[in-house]
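Just so you know, all these numbers are worked out from the coordinates, no wet-lab data involved. From a predicted model like this one, the values you see are computed outputs, not experimental measurements. Cβ atoms come from the backbone with ideal geometry, glycine included; neighbour counts cover every protein chain shown.
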Amino acid sequence: MPSTTVELTLSAGYRQAQRALAAWLDQGVRAARQSAFAARTALAALDSTERSRLARWLAWLSVAASYRGEASLAARVRRLDSGLHLAMEDALARLPMKSVTMLKQDHRMSA
């Protein structure tokens, strides 16, 4: 009997929230004030499963930002939505240990 892999299907609301958050994160702090309302509106439409998926996505973005030596996303996400921030911190704790420990270490960048 052949095994099949279930493809992850993302709802339109999830994709909209992810796009809104990505746009909000890409903007500078001052410009982000305008798109924060759109991001909060998109987040309000998500169910708990989609919010946890989004929190895991944000946790991986936070790890990637730390590898690049950029500022943490946690403070910005906390200001946008404290519940999402807590879910992101929880998701961050559940990531593979090597990724999480890299966040806690100071990296020396070569010239």
Phi to ³J(HN,Hα) by Karplus 6.51 cos²θ - 1.76 cosθ + 1.60 over the range 73-83, Hz, x for Gly, Pro: 7, 4, 5, 5, 5, 4, 5, 6, 7, 5, x
Per-residue HN-Hα couplings for the range 9-26 [Karplus 6.51, -1.76, 1.60; θ = phi - 60°; Hz; x = Gly/Pro]: 10, 10, 6, 4, x, 5, 4, 5, 5, 5, 5, 5, 5, 4, 5, 5, 5, 6
Arg78 versus Ala64: modelled label distance in nm, points set 7 Å from Cα along the beta carbon direction: 2.3
³J(HN,Hα), Karplus 6.51/-1.76/1.60, whole Hz, each residue of the range 49-54, x for Gly, Pro: 5, 5, 5, 5, 5, 5
Leu10 versus Ala23: modelled label distance in nm, points set 7 Å from Cα along the beta carbon direction: 1.5
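For Gln27, what is the net charge nearby, where nearby means another residue's Cβ is under 12 Å from its Cβ and Lys, Arg count +1, Asp, Glu -1?
Neighbourhood net charge equals +2.
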